[in-house]
């Protein structure tokens, strides 16, 4: 079984993301690994990494992908890095099912 880049929390899901800004288009690139070998969801976005634009675009992308409100998608760590930890608020079983379908 392949390791997944997300795990259930009380009241939501924690997601590890590897973000590629200034891409030609927005989209998912599947599951990869970070420098330490931990699984990450690879996402590319057209937004530049300037003045938080890529972070805002990531929140909007994940909210639309997973049918969430933007306020239910919070970047917990990695604001200035490509690898980020994102927390999604909602029913964990529903969010995990949506992530499984999206990937």
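The values are calculated or read from the model by the stated rules, or taken from the named source; none is laboratory data. All values reported here derive from a predicted model rather than from experimental measurement. Glycine gets a Cβ as well: all are built from the backbone with ideal geometry, and neighbour counts include every protein chain shown.
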task: Name every residue in the range 12-34 that is surrounded by fewer than 18 Cβ atoms within 10 Å (Cβ to Cβ) and under 12 Å from the mean Cα position of the chain (by Cα), in order of residue number.
output: 14, 20, 27, 28, 29, 30, 31
Residue 85, sole failed condition from (1) touching a helix residue (DSSP H, G or I) at 6+ places or on another chain (Cβ under 9 Å); (2) closer than 16 Å to residue 18 by Cα: (1)
- request: Spot the failing condition for residue 69; the list is (1) at pLDDT 95 or above; (2) surrounded by fewer than 18 Cβ atoms within 10 Å (Cβ to Cβ); (3) within 12 Å of the chain's Cα centre (by Cα), and only one is missed.
  value: (3)
task: Sort out for me the strands (runs of 3 or more DSSP E) sitting completely within the range 1-87 that have 2 or more residues that are more than 17 Å from residue 97 (Cα to Cα).
output: 12-20, 27-33, 39-44, 73-77
- prompt: What pairs can you find where one residue is in the range 33-61 and on the phi > 0 side of the Ramachandran plot, the other is surrounded by fewer than 17 Cβ atoms within 10 Å (Cβ to Cβ), and their Cβ atoms are less than 9 Å apart, with a gap of 6+ or different chains?
  reply: 52/79
query: Taking the condition in contact (Cβ under 8 Å) with a residue 60 or more places away in the chain and in a helix (DSSP H, G or I), does residue 96 pass?
result: yes
